[in-house]
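So the structure is just underneath, and the comments pick up after that.
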Amino acid sequence: MKKISSASQLEGFRKAILQERDPAKQIVRICNTGCRGSGSIKVADAFEQQIGAENLQDRVVIKKTGCHGFCEIGPVLVIEPDNILYQRVKAEDASEILSETILQGNLVERLLYKDPDNGENVSHEAEIPFYQNQRKMVSHRAGRIDPVDIDDYIGEGGYAALSKSLTTMTPEEIIDTVEASGLRGRGGGGFSAGRKWRSCREAEGIVKYVIANGDEGDPGAFMDRSLMEGDPHSILEGMIIGGYAIGANEGFIYVRDEYPIAVEHLSIAIEQAETCGLLGKNILGTGFDFTIEINRGAGAFVCGESTALMNSLEGKVGEPRAKYIHTVESGLWERPSNLNNVETWANVPLIINQGAERYAETGTQGSEGTKIFSLVGKVRNTGLVEVPMGITLREIIYNIGGGIRKDKRFKAVQTGGPSGGCIPASKLDLPVDYGSLKEVGSMMGSGGLIVMDENSCMVDVAKYFIGFLLYESCGKCVPCREGLKQMHEILSNICQGHGEEGDVELLEEISDFMIEASLCALGGSAPNPVLSTIRYFRDEYKTHIFDKKCRAGVCRNLFEYFIDKDLCDGCTLCRKKCPEEAVSGEKKEVHVIDPEKCINCGICFSLCKREAVRVR
């Protein structure tokens with residue numbers, strides 16, 4: 001790695017990197033982050049061993065990348081320059097892929113993605129509906145570059161925005177550009193990034209800080225993790241630009257403790273940037289100094305809240321502070337501090353390179369740009385998606401997500417994490433933007449989308465998220481501490497069949513009090529799962545309370561299993577696996593469940609391939 005001491009040297013280095021690339025070489029891009037859980041490390045090792053054994057180093061390059069997005073079909077492998085995508089690749093497939101595809105140009109049909117509509121094989125990444133319907137702007141490098149190779153980042157245009165900012169723009173011009181772009185905080189608050197930067201720059205004090213929030217604690221969310229693991233330099237570049245604009249010389253990245261790969265890749269990125277002269281003293285010969293330090297999170301969900309995070313950075317208990325003094329005026333160590341989510345920081349180089357006007361062409365007025373979501377739950381295509389603001393929920397769930405598993409009925413989608421709301425099927429054509437989500441009782445949050453089908457009980461869903469927030473509450477203020485406890489107790493009673501008339505109204509009353517009186521956003525937004533499920537699924541609450549029934553078959557005391565005689569083929573699987581011997585019947589004859597013996601364990605329900613086991 002060369003020491004880069006000027007903008008012209010950076011451009012010269014970039015040109016040299018591109019000239020050194022051999023267009024005749026084929027590049028095998030293998031996900032080395034999210035797909036690790038399904039064996040991608042073994043796949044990469046197998047390719048490297050096979051390439052070495054056959055002396056193919058001059059023809060093939062293995063590139064270990066970040067997340068490709070389509071987690072459902074991982075491990076994912078893409079071969080350039082034709083962008084052939086293979087799914088669910090195993091280590092033993094390496095030899096066949098090398099001999100057939102790379103050496104002979106033939107496709108390995110069994111590893112290709114199959115179009116669910118017509119069953120035909122799809123060979124190219126860009127032709128797969130999951131990718132076709134996205135607009136990758138912030139995450140476009142994550143599945144393409146090696147995240148621990150700064151040359152790869154620079155070759156893809158990295159640090160050009162930093163060079164432009166430090167050599168051709170004043171701090172005021174940078175802030176004007178960010179504000180004109182319409183960029184809003186991607187971590188949940190949705191506050192104007194440009195306005196926040198301006199307030200911090202204008203705040204009194206010589207020492208100021210910029211902070212990246214990577215403490216992603218929402219169940220089912222992995223947007224920030226993917227960026228930190230797959231494109232760490234984009235976050236660093238955004239923070240350096242932000243530091244220059246605000247007048248800060250120190251930055252901190254607060255990373256969730258359960259993200260060791262993110263910490264590793266960020267640490268390597270910082271070391272590389274320092275070695276190249278893109279971090280540290282006199283960056284690009286401009287006289288601007290900036291350093292970045294990584295801090296591992298305290299393992300508490302509440303530390304995602306800005307003031308609790310700053311307390312944690314100071315070595316204190318992660319509890320929120322009162323908000324009558326803004327952190328841009330008195331934050332970390334009582335000095336002006338600008339905190340943005342890591343996705344927000346990753347947007348900054350894009351804005352500087354494109355310009356505010358072009359950036360704002362994507363999205364809607366008031367919700368400009370794109371948003372990265374983790375799409376999980378009962379949807380066919382789970383994974384990481386980046387879409388323009390204003391896209392509808394239907395487009396995300398059906399065009400990108402492929403619809404609901406097993407063709408079941410869509411029931412709801414929760415947006416915004418555990419403090420978000422549950423949006424029903426009647427709102428599927430709702431545009432996904434800050435204002436629209438707020439109107440229906442939810443919020444953008446950091447970007448989690450949890451899809452639920454007809455077998456989801458919305459009372460149980462509310463109970464789950466309230467239980468999560470109860471466990472994660474710091475307990476500092478009474479409204480949040482006691483309100484969550486009371487709500488969880490009421491919801492538990494309803495799910496156990498002990499609900500009473502007036503419970504729903506009491507939940508609404510507690511919710512109003514928490515929203516009004518809680519110290520921080522955790523308590524203020526915690527009632528959203530309850531209020532939204534009451535708003536759109538009030539009949540389910542009534543059925544639980546008055547009829548003592550759970551139609552979804554989730555609340556164990558409020559339903560019973562039975563076998564549909566028209567669907568049962570007498571395979572005997574349910575009878576053999578029932579732990580209480582509650583199922584009777586001969587082979588190839590209709591089976592019967594004895595409700596007196598059945599304990600509603602759900603084993604028969606999950607095993608029945610014909611879905612003959614039903615609930616009532």
Taking the stated definitions as given, is GLY315 buried (at least 17 other Cβ atoms within 10 Å of the Cβ), among the small types (Gly, Ala, Ser) and within 28 Å of the chain's Cα centre (by Cα)?
no
Within the range 345-361, can one find any residue that is closer than 25 Å to ALA300 by Cβ, hydrophobic (A, V, I, L, M, F, W, C) and either modelled with pLDDT of 95 or more or open to solvent by less than 30 Å² (accessible area, probe 1.4 Å) (or both)?
yes
State the number of residues belonging to the range 411-427 that are open to solvent by 10 Å² or more (accessible area, probe 1.4 Å) and closer than 22 Å to GLU72 by Cβ.
1
Going through the range 276-326 in order, the residues found to be of a type outside the set (A, V, I, L, M, F, W, C), under 26 Å from PRO260 (Cβ atoms) and part of a helix (DSSP H, G or I) are GLY304, SER306, ASN311, SER312
Quick check, is ASP22 without any contact (Cβ under 8 Å) to a residue 40 or more places away in the chain, open to solvent by less than 80 Å² (accessible area, probe 1.4 Å) and assigned to a loop (DSSP other than H, G, I, E, B)?
yes
The range 77-98, residues that are touching a Gly at 6+ places or on another chain (Cβ under 8 Å) and assigned to a loop (DSSP other than H, G, I, E, B):
GLN87, ARG88, LYS90
Take the range 537-574 and flag every residue that is among the basic types (Lys, Arg) and either open to solvent by less than 90 Å² (accessible area, probe 1.4 Å) or within 17 Å of CYS495 (Cβ to Cβ) (or both).
ARG538, LYS542, LYS548, LYS549, ARG551, ARG556
Taking the range 327-344 and keeping residues assigned to a loop (DSSP other than H, G, I, E, B) and surrounded by fewer than 24 Cβ atoms within 10 Å (Cβ to Cβ) leaves VAL328, GLU329, SER330, ARG335
Here are some conditions: (1) under 14 Å from the mean Cα position of the chain (by Cα); (2) open to solvent by 10 Å² or more (accessible area, probe 1.4 Å). GLY402 meets all but one. Which one does it not meet?
(1)
Would you call ASP460 closer than 18 Å to PRO527 by Cβ and either touching a Lys or Arg at 6+ places or on another chain (Cβ under 8 Å) or in contact (Cβ under 8 Å) with a residue 12 or more places away in the chain (or both)?
yes
Residues located in the range 152-173, provided they are within 18 Å of TYR359 (Cα to Cα) and in contact with a Phe, Trp or Tyr (Cβ under 7 Å, 6 or more places away or on another chain):
SER165
Please go through the range 576-588 and pick out each residue that is over 14 Å from TYR561 (Cα atoms) and surrounded by 12 or more Cβ atoms within 10 Å (Cβ to Cβ).
LYS577, GLY585
Taking the range 290-332 as the region of interest, how many residues are without any contact (Cβ under 8 Å) to a residue 24 or more places away in the chain and acidic (Asp, Glu)?
1
Could you list all residues from the range 493-515 that are open to solvent by 60 Å² or more (accessible area, probe 1.4 Å) and either closer than 22 Å to ARG556 by Cα or free of Cβ contacts under 8 Å to residues at least 24 places away in the same chain (or both)?
GLN496, HIS498, GLU500, GLU501, GLU505, LEU506, GLU509, ASP512, ILE515
For residues that are open to solvent by 30 Å² or more (accessible area, probe 1.4 Å) and either more than 24 Å from GLY331 (Cα to Cα) or among the β-branched types (Val, Ile, Thr) (or both), tally how many sit in the range 239-272.
6
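For the range 501-559, how many residues are outside any loop (DSSP other than H, G, I, E, B), of a type in the set (D, E, K, R) and modelled with pLDDT under 95?
Going through the range 501-559 one residue at a time, the tally reaches 2.
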From the option list PRO219, PRO232, PRO260, single residue qualifying as within 30 Å of PHE70 (Cβ to Cβ) and free of Cβ contacts under 8 Å to residues at least 12 places away in the same chain is PRO260
Among SER442, SER446, which is of a type in the set (S, T, N, Q), in contact with an Asp or Glu (Cβ under 9 Å, 6 or more places away or on another chain) and buried (at least 24 other Cβ atoms within 10 Å of the Cβ)?
SER446
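Give me the residue from the range 273-284 that is open to solvent by less than 50 Å² (accessible area, probe 1.4 Å) and touching a residue at least 12 places away in the same chain (Cβ under 8 Å) and, out of that set, farthest from SER330 (Cα to Cα).
Going through the qualifying residues, I end up with CYS276.
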If you take the residues of the range 136-182 that are polar (S, T, N, Q) and free of Cβ contacts under 8 Å to residues at least 40 places away in the same chain, which of them is farthest from LEU18 (Cα to Cα)?
THR170
What is the one condition in (1) modelled with pLDDT of 95 or more; (2) out of contact with any Phe, Trp or Tyr (no Cβ under 8 Å at 6 or more places or on another chain) that ALA24 does not satisfy?
(1)
Would you confirm whether or not the range 589-600 contains a residue that is closer than 30 Å to THR415 by Cα, over 32 Å from the mean Cα position of the chain (by Cα) and aliphatic (A, V, I, L, M)?
no
Residues of the range 25-50 satisfying the condition of being touching a helix residue (DSSP H, G or I) at 6+ places or on another chain (Cβ under 7 Å), in a helix (DSSP H, G or I) and open to solvent by less than 30 Å² (accessible area, probe 1.4 Å):
VAL43, ALA46, PHE47
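Among the residues of the range 347-364 satisfying the criterion of being part of a helix (DSSP H, G or I) and free of Cβ contacts under 8 Å to residues at least 60 places away in the same chain, which is nearest to ALA161 (Cα to Cα)? Walk me through how you get there before you give the answer.
If we filter the range 347-364 for residues that are part of a helix (DSSP H, G or I), which is where we start, we get 347-354, 356-360.
Restricting the remaining residues to those that are free of Cβ contacts under 8 Å to residues at least 60 places away in the same chain gives 354, 358.
On the way: GLN354: 9, ARG358: 15 Å.
Result: GLN354.
The values are calculated or read from the model by the stated rules, or taken from the named source; none is laboratory data. None of these values were measured; they are calculated from a predicted model. FYI the Cβ positions are ideal-geometry reconstructions off the backbone, even for glycines, and counts take in every protein chain you see. To get the accessible areas, we keep the full protein, side chains included, count just its heavy atoms, and leave off ligands, DNA and RNA. Shrake-Rupley method; radii C 1.70, N 1.55, O 1.52, S 1.80 Å.
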